[in-house]
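Read through the structure below, which is laid out as structure tokens, and then see the notes.
The numbers here are math on the coordinates, done by the rules we state, and not lab data. Given the structure is predicted, the values throughout are model-derived calculations rather than measurements. Backbone-built Cβ (ideal geometry, glycine too); neighbour counts: all protein chains shown.
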Amino acid sequence: MPAQTDLTQSLAAGLKQYAQDRKPEGEPLLTFGRGALVHFVVTNEEVHMTTKLDGPNTRFLPFNRGKANGAGNAAIPGTSPTAYFWEEILERGTWLDLLGRFLHYRFEEKIDPIDGKKSYAKSLRFPRYHQWRAVKKLERSVLEEGPGHNYLIQHSAGSGKTDSIAWAAHRMAQLHAADGQKVFDGVIVVSDRQVLDGQLQRAVEQLETTSGVFQPITRGRDASKSAQLAEALLAGKQIIGVTLQTFPHALTTIEKHAGLAGHRYAVIADEAHSSQSGEAAASIKQVLTAGAAEGDEVGEGSVDVEDVLADVMARKVGVGTISFLAFTATPKGKTVELFGREDVSGVKRAFDLYSMKQAIEEGFILDVLKNYLPYDLAFTLAHTDRATGVDVEIDTVKASSEVMRWVRLHPTNIAQKVAVIVEHFRTNVRSELGGRAKAMVVTGSRKEAVRYKLAIDAYLKEHKLDGQLGSLVAFSGSVLDAESGSKEFTETSMNEGLKGRSFEAAFAGDEFQVMIVANKFQTGFDQPLLVGMYVDKKLSGITAVQTLSRLNRVIPGKENTYVIDFVNDPDQILEAFQTYYEDAELTQPSDPNIIHDMLGKLRSMNIIDTYDVDGVVDAWLTKSSHNTLYSHIKASRDVFWTRWNDAVAASDDLEKGRLEEFRGTVLAFVRAYDFLSQIMDYGDTDIEKWAIFLRVYRRVIERQDAEPSAINTDDIVLTHYRLRKLDAQNLGLTTGDPGQLAGITAAGSAQPREAKYGLLQDVIDKINGLFAGTDVDEINGVSAAETILRHVVDNPKIQAEAMANTPIDFETSPTIAAELEDFIYASAAGHSNAMTALLKKSDFTSIVNVLVAMGLYERTRSEVERAASAGGMWAGSA
């Protein structure tokens, strides 16, 4: 351990000298696995360490306390900033604890992300300073406070969280109070499936000094996971690993099994931002709420660890006997409120912090906002046929939303963005990491993901790039999109190249460079080869941080990341990251009075009778028959639906709005009460009665049918379109005030909205007005191409070509150009100016290319299949 003074030698010089002058060959003391266990280089300002000397390949890691939430060490009055090292770390008891209970060998199989080769590595794990600090702080607090308390550990990506959790789990499992009694009967580690089955499981297992300490609950065994859980808990296994989906079952077992009454547990939640969606989310909700709402759409909802912990705590399982230790890089406001600790000023914040700023400055993650390139979109619309409803009054707010959704799915919009994505990837991203770099396309919906996949594959084929680049698409469930094809789209049908492999395994290879996602792989996905991200989805707050952070993983040679953003405001993205750049604190606690406000709203609507509330509560608590409980729920349910149906029949939108607000307030009350009752005692049995009633009642007043579309978009056309690249930016994360989070401060229910009626043309004019004064009016409109496309998909000769040929053969067919030429010259007089302008600027080959990019081949085949399914016959089938 060389000690350097900054007055004569720098840290860099000390690290270089130690690595190169102290060669392990022939020197037992320096040989890995035989001699010194850990090597430190200490200066006045910093401490760095390594467990393996390997000449120029030696990797020293910082062992610093941090300074202003960043790298380095804060000043210590009267001595050097590194005095903590010899005064604290080298203290006899601390040093023996580090050697005896932290230091361990790790054996793991590694797959090189660059060449894909497997290797088996043996490493000696020694904690970084923040890892040691967090575990020791937890130990001291748990011994002082006992079970039944909460701890929030806000450790950034790059903090080595897997090792920290493994050390914390073993420490909690072995902890004994002063009287010799174990503090916890067991430790439950909650994680997502991927981590549990892999890295975390190995880390926990390899810390064992005796076999059988750790029991993962996994599939593939003789017993069900629930049976495995009960067996492990009753057998007194010290550490039990469960998935997020299995965790609620563990709490149910603890709650109901007589043999576990009074047992004390530490629950450690890993990767609190990793989420489950689709069927897994519905299953978790079902366990937590004793019956998930029917009609939850698979693939659209999601549940993360923080949500699950909050719901579990709302059940008040193990109050006073279960301690929750939540590890997360990006805590939500409610997480800080539940798990945070008040500082001297009364503000809640994390129990222990290793910030994003420190991780970036120490080189463990990349700053993903350094190369941020926003795009600006402008367009104009028109309605082509006033006879089909342009003069009919409609709900303009709903219509505006549907028109904008139509624009997002428009073939021109997607085709233009696909061209930007592919060419940017080829020019800027592909060459990174020796040609192995990859990218992710983030879309706003499953239908968008389907269309992006089809458009990217078509673009690659058109430009003869399909042999060089490959794409995958990830979304839940199935998607029906008549404009893209008559059959439903699934991950399996659209990813033929998977060949039974998982997405992670397939994407890690050389076949696929681009992954298109819709509400999947935006959190918890660890692929260090990701260098580029193309964002076509509105992101804000924690979702923006989690999504863009897929790029921040560090591997040798990775110095740049690229974010191309088609829809978000750079300032809002920067604001989201600033919240978690340093410390996140709860500056606006929840307002407990909103419970009384919401209850007042519900009573004022005169829908729910207090007689029924008392009846449901009595039936619930006495476990009466289902029919007794249902009779009281039915009475208030019938009142709601009678008023709703009357409002619909009378076209009374104001009354419908009031009933929508009532429905939203019911849901908001249940959520708010379940959360707020954990942090304060309302001491009011009447409120608790309403909470019991509304938990059941909310399910019988949920919306039964989707709202009908406000408009028919069939006759809307995109007349002008411009996608403009703005200046690339380094958004510049800066040191400043802590990130501010808020609890529940408003009821959260939707306010009644009286529909504003107007003409469809008014909606179109309003949207076009968004781009008034831009250069979109100077660009050749796409209305002519849109008109051609809308007509030629019905052309029998073009239909025959589409059904008989591959996309490439279809595009090069002379029949296509000939039919287009005939149509353009014979087109209606109303489009003659547009057609003339189009012909002046383009030859027929260029026009074909434009139409192909707009989906001519796919839309023609879709039209043929639609006609066939309707009982018709296309000319080519005769």
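Annotations for the structure displayed:
- Amide H contacts of THR561: ASN371, each under 5 Å away and 5 or more positions distant or on a separate chain (H built 1.01 Å from N in the peptide plane; Pro and chain starts excluded).
- The Cα atoms of the range 60-99 define a convex hull whose projected area, averaged across directions, is 3.5 nm².
- Cα-based shape type of the range 67-150, given that a ≥ b ≥ c are square roots of the gyration tensor eigenvalues and the cut on a/c is 1.5: prolate
- Pairs from LYS520/LYS689; LYS438/LYS797; LYS182/LYS225; LYS16/LYS161; LYS122/LYS537; LYS161/LYS447 whose Cα-Cα separation, in the structure shown, is over 32 Å: LYS520/LYS689; LYS438/LYS797; LYS122/LYS537; LYS161/LYS447
- Neighbour counting of Cβ atoms within 10 Å sorts the residues LYS417, LYS225, fewest neighbours leading, into LYS225, LYS417.
- Measuring between alpha carbons in the structure, the pairs from LYS52/LYS136; LYS453/LYS487; LYS67/LYS357 lying more than 19 angstrom apart are LYS52/LYS136.
- Peptides 599-609, 491-501 ranked from most to least packed by the mean count of surrounding Cβ atoms within 10 Å: 599-609, 491-501.
- Estimated vicinal HN-Hα couplings, Hz - the range 542-552 in sequence order (Karplus 6.51, -1.76, 1.60; Gly, Pro = x): 4, 5, 5, 5, 5, 5, 5, 6, 4, 8, 7
- Under Karplus coefficients 6.51, -1.76 and 1.60, residue-wise ³J(HN,Hα) of the range 429-436 in Hz, glycine/proline x: 9, 3, 6, 5, 6, x, x, 9
- Amide H partners (placed H, <5 Å) of LEU472, local residues excluded: VAL514, MET515, ILE516
- Relative packing of 464-472, 403-411, 360-368, which averages over residues the other C-beta atoms within 10 Å, highest first: 360-368, 403-411, 464-472
- When only Cα pairs below 8 angstrom with a gap of at least 6 residues are kept, the range 425-477 shows a relative contact order of 28 percent.
- Diffusion coefficient of the range 439-542 by Stokes-Einstein, Kirkwood radius over Cα pairs, 25 °C, 0.890 mPa s: 173 µm²/s.
- The stretch between ALA817 and TRP86, if pulled fully straight at 0.36 nm per residue, gains 255.0 nm over its current Cα-Cα span.
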